[in-house]
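Q: Have a look at the structure that comes next, please.
The values are calculated or read from the model by the stated rules, or taken from the named source; none is laboratory data. This one's a predicted model, so the numbers in the text were calculated from it and none came from an experiment. Every residue, glycine as well, gets a Cβ built from its backbone with ideal geometry; the counts of neighbours run over all protein chains shown. Note: accessible area is taken over every heavy atom of the protein model, side chains too, but ligands, DNA and RNA are not part of it. Shrake-Rupley method; radii C 1.70, N 1.55, O 1.52, S 1.80 Å.
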Amino acid sequence: MCFQRKKIKDELLSMLKMNSQNYLKYFVNMANKKDFKLKNILDLIRVKFEKIYENSDDLNQENYVLRKIIDIVDEGILILNKDNVIYYLNDELKELFNLSNIEELFNKNLKDTSLKWILDFENLNFFEVPNKYTSINISCYVVEICNDLRVYKFKNVSEYKKLDYMSKEFVSNITHELKTPLTSIIGFSETLKNVEDENDRQMFYDIINREAIRLNNLISDILIFSEIETQNDLSKQKIDITSLLYSIKQLLYPQIHETNFKIKISDDKVVILNCEKYIRQIFINIMDNSIKHSFGTTLNINCSEDNENIYVNFSDDGIGIPEEEIKNIFDRFYKVLNSKSKGRGTGLGLSIVESSIQKINAKIGVFNNVDKGVTFKVTIPKK
């Protein structure tokens, strides 16, 4: 009896490994045997269906996980079958192409939808979507994953194009800014060989010295700007804002003394826990900008605070900034169109300010004063 049950069990297990056609033939042969009871048949059917159901659960779970993975990727995914019927698309694709309801597109032929233009590019591995279809630049990669399915992967490349343009513009501007003082240095140093008049020689020496200092300042600003842009050091220190402002004033003493400029700092005691190197760069470049470009006589610096932020206002009594140019002053190498400012500064000071502001999640506002001059208002969060 035990031998008989073992034999049936072994036969049942072997059947589970068969394909559907062989399984049916074997099932019929087993059923025709005299020693094969109805209970055995029912057991065989039950075991087979349990196995099928178990596999079905695994497939459903794998399919669910796969769909969730596709949904969370930051690229648009479109999957078509061999007849161009939409097998699946994800939420990112909906955002890229402003689709109202992606569920309605499932199992539809792509030719019958607003995305039918995609089929024009099916033989290409990479292309950019024409502007008439979308307001952003999109690249697409097409791959055949099997004979029945084709996957389109879309990516928004607008930001990459913007960064590429900014990078090229930055390099172009640096080349121009470096070339200008170098040209002067090379030209006047060559001329000096043939100058005998002592006054002329001294004048040329002064020009070379001035351009060399300008070149050195430009290189220093480029290095500082590059460091701020590429590094993410946010180590925090306890900072006495008033003491920091006084130390920067001492650092800028040569410029202050040369121009007879006055910097007045309020004695309000304000302390914050933050990254000192970025706050230092913000203060240095705003103060230096006022000395060079305000064409006033005084810069007043006031500190205050509330429960959430500290506020540092830099107000000068100079010529101010044309309203239409305020939005551009933080651009790299941008210089306000003013004959008085010609040849002053590197054009990177306020760009360094803005980059530093972003690093510490602060804010900066710029506005012309009612009477004269301009105010830079720096807001630094305490948290």
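Q: Expected output is a single nm value to one decimal: the length gained when fully extending between Ser235 and Asn369, i.e. 0.36 nm times separation in residues minus the C-alpha distance. What is it?
A: Details: separation 134, 0.36 × 134 = 48.24 nm, distance 3.54 nm.
Net length gain for the segment: 44.7 nm.
Q: Mind giving me the FRET efficiency for Lys292 and Asp74? R0 is 30 Å, r the Cβ-Cβ distance, nearest 0.05 is fine.
A: That pair, Lys292 with Asp74, gives E of 0.10.
Q: Kindly report the accessible area of region 267-383 per residue (heavy atoms of protein chains, probe 1.4 Å, no ligands, DNA or RNA), in Å².
A: Spelled out: the 1.4 Å probe surface of region 267-383, per residue, equals 48 Å².
Q: Express the relative contact order of region 230-315 as a whole percentage, based on alpha carbon pairs under 8 Å and six or more residues apart in sequence.
A: 34
Q: Anything over 20 Å Cα to Cα? Flag those among Lys262/Lys372; Lys236/Lys277; Lys292/Lys372; Lys162/Lys292; Lys238/Lys262; Lys335/Lys359, in the order listed.
A: Numbers: Lys262/Lys372 16 Å; Lys236/Lys277 9 Å; Lys292/Lys372 17 Å; Lys162/Lys292 31 Å; Lys238/Lys262 28 Å; Lys335/Lys359 23 Å.
Correct reply: Lys162/Lys292; Lys238/Lys262; Lys335/Lys359.
Q: Can you give the FRET efficiency for Ile174 and Phe106, using 1/(1 + (r/R0)^6), R0 = 35 Å, r = Cβ-Cβ distance, to the nearest 0.05?
A: After rounding to 0.05, the efficiency reads 0.10.
Q: Which percent of the Cα-Cα distances in region 228-293 go past 15 Å?
A: Beyond 15 Å sits 56 percent of the P(r) for region 228-293.
Q: In whole percent, and with a 1.4 Å probe on the protein chains, what portion of the accessible area of region 184-306 is carbon and sulfur?
A: 50
Q: Using a 7 Å offset from the Cα along the Cα-to-Cβ direction at both Glu159 and Thr191, what is the distance between the two label points in nm, to one decimal?
A: Once both label points are built, they end up 5.0 nm from each other.
Q: Measuring from a point 7 Å past the Cα of Lys383 along Cα-to-C-beta, which residues in region 268-290 have an amide N at less than 18 Å?
A: 272-275
Q: Continuing with this model, one more query. If you stretched the chain out fully between Asp267 and Ala212, how much longer would it get, using 0.36 nm times the residue separation minus the C-alpha to C-alpha distance?
A: 16.0 nm
Q: Arranged from highest to lowest average of other beta-carbon atoms within 10 Å per residue, in what order do the peptides 301-309, 142-150 appear?
A: Answer by packing, highest mean first, reads 301-309, 142-150.
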